[in-house]
Amino acid sequence: MASIYKTSQSRFYFARFSDGSGSGKRISKSTKTESKREAKRIAAEFESAARKLVAKEAVDSEIPAMIRRTVELAALESQQGRLTLQRAEELIRLMHQAANPSDTGSSFRRFAGEWLDIKEKDTAATTWRAYSDAVKAACAILGSKADGPLRQITVADMERVQTTMAETRKGKTVNYLFGAIRRILESAVQKDIITKNPAKPVKGRPLGDSIKRVEFTAEEVRLLLAHAPTPEWYGLILLGAQTGLRQGDLLRLTSDNIVAGRIQILASKTSDTSNDVLKIPLRPESLEWLKGRTGALFPELQATRQESRPALFSAIRETAGVAHEVILAAGDPPVVGTRSFHSLRHSFASWMAEADIHSDVRRKLTGHKSNSIHANYTHHDSALDRAVAALPDL
């Protein structure tokens, strides 16, 4: 332990301390202060700094030997034919750790948290919350590895994350959540924090959740309109059914989008590859609701939290007595169809298909760029009935 003393040749206190090297040598050094209390503090700092320096020098002297031994091990394994690419990368990481013992690297929890902070600024609230849930689930599954160096996470760890997620979630949801984890780790690769993305080789889960989005019937839409709690909800449901626009596009509408009895809009999800403007003629019921409205058409609904709107629509649907799920086909498990606000878009496309409107016209109105996507929105139940009714009597 450091001590202090004075000599007749100086008015300052001197510190006497050991550097902890094991030689037993004691070091003396002036504290350049006449205060006894201050001298004791400075002496303790001298001793601490000296011990840290000795410890660093000891580590530095070991580093070349550790690297040399690792290289010798790699040469030996190469001669024995056991030096795989994965093993070589592992030995390189060991040498890097030996040369940088204080560099523990970013952990998954920390890096994912930073990634979420960046995404929060330009991601929809519901999407960001899904990303956050994926990170929380992955951290819980990884356990202590979530707080260790990111480079130590393996493909096997990622397979375990995906498998554990699948135990409580359906295939489509698992793939969506695990996709967020894959993007986070890919971002770490791009920033040179890790050399490979351990989630990249993990294949998506089978979509074994026999659930699909289906349309509302015309009678069900009438029930939804009859139970709309506010004029804005009435207009949103009405325009959703009679224009096929997505909820986000509808909420951004202003009176300026209404031109000569049509809605003119550059839809959010169809503007990536072109600047085609959707021009959707309005039916009399929609024009009647729009009469006299100026500025934003849905200011109150725009002001509500995005994540709360699905629950509000569900409440309307339940009050109207419209089922959330319908059985499309019996089986184990059965094929189930679910309905949400987006089902109004399915209804719009299906009603036009049932009326034998050509697919080119339907796609022009919905903004779908391909027949394969549009096919997911068209349900031909009545057309099938008419087709079978056309068969000859037997």
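Per residue, how much accessible surface does region 117-249 expose to a 1.4 Å probe? Answer in Å², no decimals.
That works out to 50 Å² per residue.
Would you mind classifying region 150-194 by shape? Square roots of the alpha carbon gyration tensor eigenvalues, ordered a ≥ b ≥ c; an a/c under 1.5 is rounded, otherwise it is prolate if a/b is larger than b/c and oblate if not.
oblate
Cβ neighbours within 10 Å, averaged per peptide: list 350-356, 107-113 in order, most packed at the top.
Those peptides, ordered most packed to least, come out 107-113, 350-356.
DSSP loop (so not H, G, I, E, B), at most 10 other Cβ within 10 Å: list which GluC sites (Glu not before Pro) in region 120-203 pass both filters.
Those satisfying the criteria are Glu167.
Local charge sum around His324 (other residues, Cβ-Cβ under 13 Å, Lys/Arg +1, Asp/Glu -1)?
0
Assuming a ≥ b ≥ c are the square roots of the Cα gyration tensor eigenvalues, decide whether region 117-189 counts as rounded (a/c under 1.5), prolate (otherwise, with a/b larger than b/c) or oblate.
Oblate shape, in that a/c is at least 1.5 and b/c is the bigger or equal ratio.
Taking all protein chains in place and a 1.4 Å probe, what share, in percent, of the accessible surface of region 1-42 do carbon and sulfur account for?
Carbon and sulfur atoms account for 49 percent of the accessible area of region 1-42.
Taking Cα pairs under 8 Å and at least six residues apart, what relative contact order does region 150-251 come out at, in percent?
Contact order relative to length: 25 percent.
Counting Lys and Arg as +1 and Asp and Glu as -1, what is the net charge of the other residues whose Cβ lies under 13 Å from the Cβ of Leu224?
Neighbourhood net charge equals -1.
For Glu120 and Lys212 in the same chain, what is the full-extension length gain: residue separation times 0.36 nm, less their Cα-Cα distance, in nm?
30.2 nm
Counting only protein heavy atoms and using a 1.4 Å probe, what share of the accessible area of region 247-368 belongs to carbon plus sulfur, as a whole percent?
Using a 1.4 Å probe with all protein chains present, region 247-368 comes out at 53 percent carbon and sulfur.
Quick one: 3J(HN,Hα) in Hz for region 134-146, Karplus 6.51/-1.76/1.60 with θ = phi - 60°, rounded, Gly and Pro as x.
5, 5, 4, 5, 5, 4, 5, 6, 6, x, 5, 5, 5
So how much slack lies between Arg129 and Leu53, counting 0.36 nm per residue of separation and subtracting their Cα-Cα distance, in nm?
Extra length available between Arg129 and Leu53 comes to 22.6 nm.
On a C-alpha basis, how far is the centre of region 126-196 from the centre of region 229-265 in Å? Whole number, if you could?
39 Å
Tabulate in residue order the Karplus-calculated ³J(HN,Hα) for region 323-329, using 6.51 cos²θ - 1.76 cosθ + 1.60 with θ = phi - 60°, rounded to whole Hz; enter x for Gly and Pro.
5, 6, 10, 10, 7, 8, 7
Only four residue types carry charge here, +1 at the Cβ of Lys and Arg and -1 at the Cβ of Asp and Glu. Report the dipole size of region 121-233 about the Cα centre in Debye, rounded to the nearest 20.
460 debye
Excluding Gly261 itself, calculate the net charge of residues whose Cβ lies under 14 Å from the Cβ of Gly261, where each Lys or Arg counts +1 and each Asp or Glu counts -1.
+2
For the pairs Lys6/Lys32; Lys6/Lys29; Lys119/Lys200; Lys29/Lys52; Lys121/Lys191; Lys136/Lys212, flag any whose C-alpha to C-alpha distance is greater than 23 Å.
Lys136/Lys212
For Arg213, what residues show an amide H to amide H distance below 5 Å, using hydrogens built from the backbone and excluding near sequence neighbours?
Amide H neighbours of Arg213, under 5 Å, 5+ apart: Thr338.
The values are calculated or read from the model by the stated rules, or taken from the named source; none is laboratory data. Computed from a prediction, not measured in an experiment: that's the story for all the values here. FYI the Cβ positions are ideal-geometry reconstructions off the backbone, even for glycines, and counts take in every protein chain you see. Accessible surface is based on the protein model in full, side chains and every heavy atom, while ligands, DNA and RNA are left aside. Shrake-Rupley method; radii C 1.70, N 1.55, O 1.52, S 1.80 Å.
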